[in-house]
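Novice: Pasting in a structure now, in structure tokens, and then I'll have a few things to ask.
The values are calculated or read from the model by the stated rules, or taken from the named source; none is laboratory data. In this text the structure is predicted, and so the values were computed from the model without any measurement. As a convention, Cβ positions derive from the backbone with ideal geometry for all residues, glycine included, and neighbour counts pool all protein chains shown. All accessible areas refer to the heavy atoms of the entire protein, side chains included, with ligands and DNA or RNA removed. Shrake-Rupley method; radii C 1.70, N 1.55, O 1.52, S 1.80 Å.
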Amino acid sequence: MSDLCTVADFFRAWNKVIVTRPIGGSLLDAFGLFEKTSNNQVSWNSFLAEIEEILKITNAIQFDSDLDPKASQFGELPAIVSIDTLQLQLLVQAKQAKEEVIVIKKDHDQAESSKPVTLENFMQLIHSDNAANAEDVFSATSNKTMLWEISQMVTTPLASHSLSSEKVRLVTRIEPFVDICDNKHHAEAIRSASMLNSRRAATASTVTSDPQQIQAMLRGMKSDPLCVETAICMDHQIHFLPLLHRSTDPQLGDCSYLDTCHKQDSCRYLHYQQLLPRRFKEIVGSKEIAEHNRNCDNAAKSAFFTKGEVAGASNVPELPAQWINCDVRFLDFSILGKFAAIVADPSWAINMRTPNKVSKDPDLMSLPIHLLQDEGVIFLWVTGRTTDVGRQVLSHWGYKPANEISWIKTNQLIRTICTGRTGHWLNHSKEHLQVGIKGNPKWLTKGSDQQTLVSSTRQTSRKPDELYGLIERLVGKKSRKLEIFGKDYNTRPGWLTIGDELKGSHIVERDVADRYVQYLGKA
């Protein structure tokens, strides 16, 4: 082993001893330790020369001042401040493998002469031909230790992401979920019991029954294992009872819109009545869920020391729901203040009948969104036709497209919608939400959610409530949030909603209310 490798190995092995007391970074004491622990006979001058050679290749050894390679043992010497063991290890392995030494120079002054480490340099070092075992990628190179180090750095999650995930887990309440039975035989048994239970089955325009009565009848049919099995299943899972009107033709199959159909009484397709399980209240109000939610409420009152977030934010009360009835095209956005998150759901001009007022592309472009955020995140709902237009709008508003969220629509039976009211060539079973970033909001809780929402459809144009929870986990529940083009069902605590379909106005923040009154006085 060369003297350079010997000295580098010494500093790598004894790094903690050298930089801490009693040596405390003393170069002279480090040389004394080197003489006692090393079998190589290296003089003081050679010792300094090898350190100088190491410093030419890498700055793995940091001094509090410049090192003179001809310095005397009895003169004033610089102290060692820090030692980078990984750089030393890479240096020794490269020397031993007789590879071209990679310059791993981290110039803290960012001088022009410094050369950054590139992926190509690393790959050249990793794919060394000195293989001990060609079948194992870690032993098929003389740099297997370095490979392990790189693997650890790549696969280990960042501390900031781990902290964010733990924070979200601690403050996110559990919403109970009840399973749905997908056994066709159970559905047939329930249908038969419903027909038998209804004395007016032959004359009634619609056959509906109380779930408890149906279950009691199934339990009474002890001779039929299927009926008993179905009755037990009705304790824990949701079932659906087909509704047969006079106009219903069961051979046509299920209605495309099911419970959102506007003509259920005259529709010829099948519709269903939802039968909740007998233990629904017990499932929803379980002790485990209640205890978890109590812990979440208590955790939300604690201060989280997260990057970019004020430690005392937990003491700030959440604002109640606020809304302003207005035409957003003419509202002075400067009176609203700044927001951490913005949601916009414009009624795009897509050549279809809609009860909402259409938002033309130039009108959206002209909205002064820049007055609402210095930095933060915005969510813009788009249609198939307006996907590219949406990106142009975000860019015009000063945002950089960062991601896209897909809302997968499900129907009453919790199945993916196969047919819908939109789509010129293919039926649209999902909607897209474009996400834009402005500035450098380091305070966002990254990695807390996925980019897919699966939720049932409701009224026309109504979006899933799950989006609000996603945004609150991203920007903080108590931060200011704005929804543009909102309706009455969009209002919620912590949010300010504006739009021309809201009933009246309700403003709690005193400064916003004062500016709004002044704005009305000038209008």
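Novice: Determine the gain in length on full extension of the stretch R173-V154; use 0.36 nm per residue of separation and subtract their C-alpha separation, reporting nm with one decimal.
Specialist: Values: separation 19, 0.36 × 19 = 6.84 nm, distance 3.20 nm.
Once the chain is fully extended between R173 and V154, it gains 3.6 nm.
Novice: Using a basic spin-label model with each label point 7 Å from the Cα along Cα→Cβ, how many nm lie between E53 and S162?
Specialist: 3.9 nm
Novice: Using only protein heavy atoms and a 1.4 Å probe, report how much of W407 is accessible, in Å² to the nearest 10.
Specialist: 10 Å²
Novice: Sort all Cα-Cα distances of region 413-523 into consecutive 5 angstrom bins from zero, then give the percent of pairs in each bin up to the one containing the longest distance.
Specialist: With 5 Å bins starting at 0, P(r) equals 2, 8, 15, 18, 18, 14, 13, 7, 4, 2, 0.
Novice: How far is it, in nm, from the label point at K442 to the one at A290 when both lie 7 Å from their Cα along the line to the Cβ?
Specialist: That separation, rounded to one decimal, is 4.4 nm.
Novice: OK, next. Assuming R0 = 45 Å, can you tell me the calculated FRET efficiency for the pair Q41 and T20, based on Cβ-Cβ distance, to the nearest 0.05?
Specialist: Values: r = 27 Å, r/R0 = 0.61.
E between Q41 and T20, to the nearest 0.05, is 0.95.
Novice: Net charge within 13 Å of S406 by Cβ-Cβ distance, Lys/Arg positive one each and Asp/Glu negative one each, not counting S406 itself? Can you show the working numbers first?
Specialist: Working: positive: K409, K430, K463; negative: E404, E431, D449, E466.
Summing Lys/Arg as +1 and Asp/Glu as -1 gives -1.
Novice: Something else: Ratio of region 1-102's C-alpha Rg to 2.2 N^0.38 Å, to two decimals?
Specialist: Normalised Cα radius of gyration, region 1-102: 1.00.
Novice: Measuring from label point to label point, each 7 Å out along Cα→Cβ, what is the Q450 to W425 span in nm?
Specialist: Between Q450 and W425, the simple spin-label model gives 2.8 nm.
Novice: What order, most packed first, do the peptides 34-41, 5-12 have when packing is the mean number of other Cβ atoms within 10 Å of each residue?
Specialist: On the way: 34-41: 11.6, 5-12: 21.0.
Listed from highest to lowest mean packing, they are 5-12, 34-41.
Novice: Roughly speaking, to the nearest percent, how much of region 7-100's 1.4 Å accessible area is carbon and sulfur?
Specialist: On the way: 2320 of 5110 Å².
Exposed carbon and sulfur together represent 45 percent of the surface.
Novice: Also, I was wondering about something else. Using alpha-carbon pairs under 8 Å, 6+ residues apart, how would you state the relative contact order of region 20-88 in percent?
Specialist: Working: 62 pairs, mean separation 25.8, N = 69.
Reported as a whole number, the value is 37 percent.
Novice: Kindly give the semi-axes, whole Å and largest first, of the ellipsoid equivalent to region 184-282, taking each as the square root of 5 times a Cα gyration tensor eigenvalue. Before the final figure, lay out the partial values.
Specialist: On the way: eigenvalues 118, 47, 27 Å².
The equivalent ellipsoid of region 184-282 has semi-axes of 24, 15, 12 Å.
Novice: Another question, then. Just need the relative contact order of region 184-282 here, percent rounded to a whole number, with Cα pairs under 8 Å and 6+ apart.
Specialist: Working: 140 pairs, mean separation 27.6, N = 99.
RCO, region 184-282: 28 percent.
Novice: What is the Cα convex hull volume of region 304-521 when expressed per residue in Å³?
Specialist: So the per-residue hull volume is 131 Å³.
Novice: What's the magnitude of the charge dipole for region 184-282 around its Cα centre, counting Lys and Arg as +1 and Asp and Glu as -1 at the beta-carbon? Answer in Debye, nearest 20. Spell out each step's value before the answer.
Specialist: On the way: 12 positive and 10 negative charges, 49 e Å.
It works out to roughly 240 debye.
Novice: Tally Lys/Arg at +1 and Asp/Glu at -1 over every other residue whose Cβ is under 13 Å from the Cβ of G436; what's the total? Please list the in-between numbers first.
Specialist: Values: positive: R391, K400, K438; negative: E375, E404.
Once positives and negatives cancel, what remains is +1.
Novice: How charged is the neighbourhood of A8? Take every other residue with its Cβ under 9 Å from the Cβ of A8, and add Lys/Arg as +1 and Asp/Glu as -1.
Specialist: Details: positive: R12, K95; negative: D9, E50.
Neighbourhood net charge equals 0.
Novice: Please sort 21-28, 188-195 by packing, taking for each peptide the average over its residues of neighbouring beta carbons within 10 angstrom, highest first. Working shown, then result.
Specialist: Numbers: 21-28: 14.4, 188-195: 20.2.
Packing order, densest peptide first, comes out as 188-195, 21-28.
Novice: Follow-up question, since we're still on this one. Going by Cα centres, region 1-38 and region 374-448 are how many Å apart?
Specialist: 58 Å
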